[in-house]
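The values are calculated or read from the model by the stated rules, or taken from the named source; none is laboratory data. On a predicted model such as this, the values are computed, not experimentally measured, just so you know. Note: ideal-geometry Cβ built from the backbone for every residue, glycine included; neighbour counts use all protein chains shown. With ligands, DNA and RNA removed, areas are computed over all heavy atoms of the protein, side chains included. Shrake-Rupley method; radii C 1.70, N 1.55, O 1.52, S 1.80 Å.
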Amino acid sequence: LGLLRIDGQGVEHWRKVHEGHGATRAVRRLRDGSLAVLARYGLFALDEEGEILWERRLVTQGGAGDPLDLLEAGDGGFIVASYASEGASVLVRRTDREARVLWQRTFRPAAEAPVALAEDAEGRTVLAYTTVLGGIQPTRLVGLDPGGSVLLEEDLAAAVWDMAPTRAGGLAVTGTGDGGLYLANLSPTGSGPQLPGDCNQDGAFNLSDA
């Protein structure tokens with residue numbers, strides 16, 4: 001895979017090619033200034049000059065996994081979502097700072113479609129993925145506690161493209177379909193997603209801190 005770093009003026013700082021990793025899926029700047037790169041065949045970290053600090057192979061049980069999204073957790077570890085065509089499932093893995101797996105959970109049935117990840121202030125992981133129910137493909141929203149136990153599962157009538165925690169402690173979810181913005185409460189005893197009555201956007205794709 002090839003990586004290029006430029007500054008705000010468009011000046012190139014470095015250009016790197018790292019063999020054997022496959023296509024890039026996601027690049028995230030970490031709190032310590034390094035970069036985490038999720039690629040077809042693994043997860044690795046780069047220093048500010050683009051040199052590899054460490055790398056981990058990510059193998060999905062039951063078939064070749066296709067990494068889809070990456071999130072830095074509050075403790076410096078990672079949350080990785082992958083799709084496995086064999087078994088039509090989404091695999092969520094929680095790792096430590098060096099990408100050693102702490103726990104993993106599998107959700108099915110899943111379609112190979114947009115997947116989004118978020119983490120709230122309490123360390124709870126939120127996964128949104130496209131499922132298959134009776135010929136339709138709604139988005140399933142799953143909340144996991146820090147140990148990987150499921151807190152809630154709800155189906156939404158829209159495709160989810162991005163998620164971000166809100167200052168009030170909920171979760172803003174944006175996507176396409178009838179009413180492009182959903183809000184979900186992820187308290188352990190909370191209710192499912194709520195759709196504000198005055199929100200009828202169609203085609204929202206990105207969220208910043210709400």
Area of I6 that stays accessible when all protein chains are in place (1.4 Å probe, Å², to 10): 90 Å²
Local electrostatic count at R56 - Lys and Arg +1, Asp and Glu -1, tallied over other residues with Cβ under 13 Å: +1
